[in-house]
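So the structure is just underneath, and the comments pick up after that.
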Amino acid sequence: MHNPTPEHHEETPTERLDRELHAAALPLTGGLSPVSLALAYADWAWHLGVSPGRQMDLAALAVQLGRDTLRGADDGQVGAADDDPRFRHEAWAAWPFNVMRSGFRNAETWWREAARLPGMTRHHGDLTDFFARQALGFMTPANWLPTNPVVLHENAKAYGGPLMRGIGNWLEDLATEPAEKHAAQREAHFKLGRDVATTPGKVVLRNRLVELIRYDAQTGAAHPEPVFIVPSWINKYYILDLSPHNSLVRYLARQGHTVYMLSWLNPDAADHELTMDDYLQLGIFDALARIGELGGPKPAPVHLAGYCLGGTMVAIAAAALGGQGVVADAKRLPRLQTITLLAAQTDFSEPGELGLFIDESQVAYLREIMREKGYLTGGQMAGSFQFLHSRDLVWTRRMREYLMGEREQPSDLMAWNTDTTRMPARMHNEYLTSLYLHNALATGAYRIGGRHGRVVSLADLRWPMFVVGTTRDHVSPWRSVYKLHHLCEAEITFALASGGHNAGIVSEPGHAGRSYQIATRPEHGPWIEPGDYERDAPRHEGSWWPAWQQWLAAHSSRKHAAKPLPRGAAIGEAPGKYVLKCYDR
């Protein structure tokens, strides 16, 4: 493994002192390294301090924007035309709220200019810009009762009823732990096996890290090549088997595909030494071997698919299988037919806003936090993701719930999102260090098999590939996902779907407002820039699922009578045990 975790040693008293101090500061920093934040601020402050010309430019811009605010000048995007949904109500066009809105938007304009200074490191510039936006998001007039005309009007019309309900909501949230509240909601509305994760299936493998679930085709005839899906280990697998109407697993089964799904264990302290190699071997390779066993003496090739970091792991596994001698026992595994990557990065040089939280200081800080428990909690990860969408997930939601008295109605996707998982300390450190910090996979430096193992190369990916990016993805930005075109010469069909990291993937047929673009680069084809792809790739209304299914069918053999699961192969019913165990602690 590239840059492996430092050898573990007995903690010294001074190291324990440092760790306990940093752990005590955790509630104040939200899990972010205070050193990393301080360095970004110092970089910005020093460069601004020694740049009097830049100071003069910013002062002049502040005066100009201040005058525009007092004149009530706007950017021509008032009301429904505003690109910020918080200000689209017509009430924001009336005085004095139009002045407040204009002042806020002008403050955003000023900080866009001020946050990045010549000479700053790119990472520090990104951090400064991001946290400036967070501070502005907190101070927006839309968040406060006296400065939000919509809230004032609704409360005046209902004699303060919305605000009284909102106070009740606030008191309820204050008295209830978020994890406890979310668990109760899931149990009441989206219970696993009853409301979500309901596609009939059988558990056919269980080891210390994964369960493998098989879903038989729900048709009389089936393609012989099964589809094996590897979800991310950061969340539970059932995002791909939510309610019956939006289950990707059920959709594929109804189109005549046998589907295998990996369900990761939710690790605890006893699993702190699990590594990325363990996830690769116990997860993908052991599951592939089991799929081959169930396929008989001459198993059909497998369509291998992965979502998010599961897709990154799929790329690693496929590259290892494509390389000479990288996987010693590769002959025991069935052949691969195709590879599908859903919102999955292989080049982490531009990982989007999630990369803001990953640098040497932050990784070291997380390593200290995880040392005592042996894992990173799902709540800590969820906090980072909330930062990325704070306008929608924090401030706008709080405004509706506490000022308007409107509780957000639970949905299956929301319930899944709060059903967090943990990550073992060593594996978490390895994937952050190897993938995010050193971009080892894209640069040909990622090793499997430990320090003396073999390097894998994405140039060894030679199977036809279907790759999906989503337009509003803050976790795996589509232009970052698209970089796979640089890293291998395989045939790549790239689909750019509307929506975000989760909602863009859970995009079932019939879902209103969905669209996608799709185009294929042939094997050894020329490079097409992302901007040219976005401009020229044909656009289609609706879900991308049928396009993928048709692509799978075109790369499969003709359907024939489906083979039943061999007698005695099942060890349990879907959704299995691992997905039901251990709500985050």
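Does residue 160 meet the test of being open to solvent by 10 Å² or more (accessible area, probe 1.4 Å) and not acidic (Asp, Glu)? Working first, answer last.
Values: open to solvent by 10 Å² or more (accessible area, probe 1.4 Å): yes; not acidic (Asp, Glu): yes.
When the stated conditions are applied, residue 160 passes them.
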So residue 516 fits all but one of (1) touching a strand residue (DSSP E or B) at 6+ places or on another chain (Cβ under 6 Å); (2) under 24 Å from residue 302 (Cα atoms); what number is the exception?
(2)
Selection count, region 450-494, where residues are in contact with a Lys or Arg (Cβ under 8 Å, 6 or more places away or on another chain), at pLDDT below 95 and either open to solvent by 20 Å² or more (accessible area, probe 1.4 Å) or over 23 Å from residue 326 (Cβ atoms) (or both):
2
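Residue by residue, here is whether (1) open to solvent by 20 Å² or more (accessible area, probe 1.4 Å); (2) under 14 Å from residue 565 (Cβ atoms); (3) under 18 Å from the mean Cα position of the chain (by Cα) holds:
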residue: 205; (1), (2), (3): yes, yes, no
residue: 210; (1), (2), (3): no, no, no
residue: 216; (1), (2), (3): yes, yes, no
residue: 219; (1), (2), (3): yes, no, no
residue: 230; (1), (2), (3): no, no, yes
residue: 233; (1), (2), (3): no, no, yes
residue: 241; (1), (2), (3): no, no, yes
residue: 245; (1), (2), (3): yes, no, no
residue: 265; (1), (2), (3): yes, no, no
Taking region 488-509 and keeping residues part of a loop (DSSP other than H, G, I, E, B) and out of contact with any His (no Cβ under 8 Å at 6 or more places or on another chain) leaves 488, 490, 491, 498, 499, 502, 503, 504, 505, 506, 507, 509
With the checklist (1) assigned to a helix (DSSP H, G or I); (2) open to solvent by 70 Å² or more (accessible area, probe 1.4 Å); (3) modelled with pLDDT of 90 or more; (4) under 30 Å from residue 39 (Cα atoms) in hand, flag the one item residue 118 doesn't pass.
(1)
Count - residues of region 237-257 that are more than 20 Å from residue 418 (Cβ to Cβ) and among the hydroxyl-bearing types (Ser, Thr, Tyr):
1
Go through region 1-25 residue by residue and tally those that are surrounded by fewer than 16 Cβ atoms within 10 Å (Cβ to Cβ), at pLDDT 70 or above and either acidic (Asp, Glu) or outside any loop (DSSP other than H, G, I, E, B) (or both).
12
Kindly list the number of the only condition in (1) in contact with an Asp or Glu (Cβ under 9 Å, 6 or more places away or on another chain); (2) without any contact (Cβ under 8 Å) to a residue 24 or more places away in the chain; (3) of a type in the set (S, T, N, Q) that fails for residue 176.
(1)
Residue 547 passes all but one of (1) of a type in the set (A, V, I, L, M); (2) open to solvent by 60 Å² or more (accessible area, probe 1.4 Å); (3) in a helix (DSSP H, G or I); which number fails?
(2)
Identify, by number, the condition in (1) outside any loop (DSSP other than H, G, I, E, B); (2) surrounded by 14 or more Cβ atoms within 10 Å (Cβ to Cβ); (3) of a type outside the set (Val, Ile, Thr) that residue 535 doesn't meet.
(2)
Count of region 123-155 residues which are open to solvent by 70 Å² or more (accessible area, probe 1.4 Å) and modelled with pLDDT of 90 or more:
2
Checked pairs for region 475-497, first charged (D, E, K, R), second in a strand (DSSP E or B), C-beta under 8 Å and 6 or more apart or across chains, list as 479/469; 491/465; 491/520; 491/521
So which residues in region 503-528 are in contact with a Phe, Trp or Tyr (Cβ under 9 Å, 6 or more places away or on another chain), open to solvent by 30 Å² or more (accessible area, probe 1.4 Å) and over 20 Å from residue 473 (Cβ atoms)?
509, 520
Hits in region 436-451 (condition: at negative phi and over 15 Å from the mean Cα position of the chain (by Cα)):
437, 438, 440, 441, 442, 443, 445, 446, 447, 448, 451
Can you name the condition, by its number, that residue 428 falls short on among (1) of a type outside the set (S, T, N, Q); (2) closer than 23 Å to residue 358 by Cβ; (3) open to solvent by less than 10 Å² (accessible area, probe 1.4 Å); (4) not in a helix (DSSP H, G or I)?
(4)
Going through region 427-445 in order, the residues found to be within 18 Å of residue 480 (Cα to Cα) and not β-branched (Val, Ile, Thr) are 431, 432, 434, 435, 436, 437, 438, 439, 440, 441, 442, 444
With respect to the numbered conditions (1) in contact with a helix residue (DSSP H, G or I) (Cβ under 6 Å, 6 or more places away or on another chain); (2) under 25 Å from residue 328 (Cα atoms); (3) in a helix (DSSP H, G or I), which one is the sole condition not fulfilled by residue 288?
(1)
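Tally time: how many residues in region 267-285 are in a helix (DSSP H, G or I), open to solvent by less than 30 Å² (accessible area, probe 1.4 Å) and among the polar types (S, T, N, Q)?
0
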If residue 567 satisfies every condition in (1) touching a residue at least 12 places away in the same chain (Cβ under 8 Å); (2) farther than 24 Å from residue 488 by Cα but one, which is the exception?
(1)
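Residues in region 413-432: is at least one among the small types (Gly, Ala, Ser), farther than 30 Å from residue 272 by Cα and touching a residue at least 40 places away in the same chain (Cβ under 8 Å)?
Step one: list which residues in region 413-432 are among the small types (Gly, Ala, Ser), which gives 415, 425.
With the extra rule that they be farther than 30 Å from residue 272 by Cα, the set shrinks to none.
Taking every residue of region 413-432 in turn, none turns out to be among the small types (Gly, Ala, Ser), farther than 30 Å from residue 272 by Cα and touching a residue at least 40 places away in the same chain (Cβ under 8 Å).
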Give the residues of region 324-370 that are surrounded by 18 or more Cβ atoms within 10 Å (Cβ to Cβ) and among the basic types (Lys, Arg), sorted by residue number.
367
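The values are calculated or read from the model by the stated rules, or taken from the named source; none is laboratory data. This one's a predicted model, so the numbers in the text were calculated from it and none came from an experiment. Cβ sites come from the backbone with ideal geometry, for glycine too, and all protein chains shown count toward neighbours. Just so you know, the surface numbers come from the protein's heavy atoms only, side chains and all, with ligands and any DNA or RNA stripped out. Shrake-Rupley method; radii C 1.70, N 1.55, O 1.52, S 1.80 Å.
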